[in-house]
Amino acid sequence: MTGNPLKEIQGARGGSGNLPVSRVRTAYQQVADQLRELILTGSLSAGDRLPSEAELAATFGVSRSTVREALRVLASRDLIRTTRGTTGGTFVSTVNFEQVSDYLETSIGLMSGSASVTVGEMLEAREVLEVPAARLAALRRGDDHLKALREAIEREMLTRGRGGRFREHRNFHAIIVEAAGNRLLSMMTEPVFRVLQAKFLSPNVPDEFWAGVDHEHEAILAAIENGDGEAAAAEMLKHLIALREAYSD
């Protein structure tokens with residue numbers, strides 16, 4: 001026995017790299033993590049003013065430079081914002097749905113440029129999100145939604161050209177998600193839709209394909225208009241599966 005437990009463990013495991021320990025995070029990262037946790041749990045709410053750098057340094061037992069670096073980390077993630085002047089300070093950010101949706105679009109777009117996210121995964125995600133959305137839309141839609149869906153289909157049939165057809169197609173789906181009455185669904189589906197359009201829509205989709213899309217949209221609308229959630233979900237799933245032909249890696 002060496003009398004040194006650490007060395008004994010290292011020897012038994014063939015080196016320090018195999019120790020079952022977690023790497024100690026830097027001081028500024030630990031401060032950032034704790035502040036982030038307070039924000040996510042609601043202990044710090046949107047609009048709340050954070051204590052000064054000096055107060056935070058005293059609270060955490062670290063230097064002001066460490067606090068400053070932690071705040072930079074949080075600011076880079078849009079969790080906090082700093083304003084100047086007599087009423088200035090550092091505040092917890094107020095995040096809106098558009099900001100989150102734009103962030104998701106950027107992130108998904110970057111990931112789709114590598115092997116991280118495939119077009120097949122994005123199409124599958126659409127099915128997971130939009131099939132339940134169609135079911136909810138049939139139960140929650142208002143007359144204004146039905147009118148907007150009819151008008152979207154009419155514009156589809158009159159529109160020529162790949163870009164215009166897809167724009168109206170996207171509008172039809174957006175109205176359905178809106179009619180579902182769940183803002184989180186809108187926030188998650190729109191970024192996927194935009195990335196698919198920008199990067200994966202095939203340039204050689206024939207006009208006959210889009211004519212089929214029009215008929216599928218009419219079937220979805222009929223189910224929603226009848227308040228039949230299961231039929232709306234089934235028609236949407238059939239439609240999204242057929243749409244897979246319009247996209248390619």
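The values are calculated or read from the model by the stated rules, or taken from the named source; none is laboratory data. Quick caveat, the model's predicted, so the values are computed rather than measured. Methodologically, a virtual Cβ is constructed for each residue, glycine included, from the backbone with ideal geometry; neighbour enumeration extends over all protein chains shown. Protein only, heavy atoms only, side chains kept; ligands, DNA and RNA dropped before computing areas. Shrake-Rupley method; radii C 1.70, N 1.55, O 1.52, S 1.80 Å.
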Ala58 being open to solvent by 50 Å² or more (accessible area, probe 1.4 Å), over 20 Å from the mean Cα position of the chain (by Cα) and small (Gly, Ala, Ser)
yes
Quick check: anything in the range 228-249 in contact (Cβ under 8 Å) with a residue 40 or more places away in the chain, open to solvent by less than 20 Å² (accessible area, probe 1.4 Å) and farther than 23 Å from Pro132 by Cβ?
no
Unique residue being without any contact (Cβ under 8 Å) to a residue 24 or more places away in the chain and basic (Lys, Arg) when the list is Arg135, Arg140, Arg126, Arg81:
Arg81
Looking only at residues that are assigned to a strand (DSSP E or B) and out of contact with any helix residue (DSSP H, G or I) (no Cβ under 9 Å at 6 or more places or on another chain) in the range 63-93, which one is nearest to Arg25 (Cα to Cα)?
Phe91
Count - residues of the range 186-201 that are open to solvent by less than 20 Å² (accessible area, probe 1.4 Å) and among the polar types (S, T, N, Q):
1
Take the conditions within 30 Å of Ile241 (Cβ to Cβ), open to solvent by 40 Å² or more (accessible area, probe 1.4 Å), of a type in the set (S, T, N, Q) and without any contact (Cβ under 8 Å) to a residue 40 or more places away in the chain and apply them to Ser65. Does it pass?
no
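Scan the range 106-127 residue by residue and report those that are in a helix (DSSP H, G or I) and in contact with an Asp or Glu (Cβ under 8 Å, 6 or more places away or on another chain).
Residue satisfying the conditions is Val119 alone.
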If you take the residues in the range 118-169 that are in contact with a strand residue (DSSP E or B) (Cβ under 7 Å, 6 or more places away or on another chain) and open to solvent by 10 Å² or more (accessible area, probe 1.4 Å), which one is nearest to Glu216 (Cα to Cα)?
Leu123
Test Arg126 against the criterion of being more than 23 Å from Tyr247 (Cα to Cα) and at pLDDT 90 or above, and give yes or no.
no
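Considering only residues that are more than 9 Å from the chain's Cα centre (by Cα) and over 23 Å from Arg150 (Cβ atoms), which ones fall in the range 185-196?
Scanning the range 185-196 gives Arg194, Val195, Leu196.
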How many of the residues in the range 20-42 are loosely packed, with under 11 Cβ neighbours inside 10 Å and either modelled with pLDDT under 75 or in a loop (DSSP other than H, G, I, E, B) (or both)?
7
Scan the range 210-226 for residues that are in contact (Cβ under 8 Å) with a residue 60 or more places away in the chain and either of a type in the set (A, V, I, L, M, F, W, C) or farther than 13 Å from Ile176 by Cα (or both) and report the count.
6
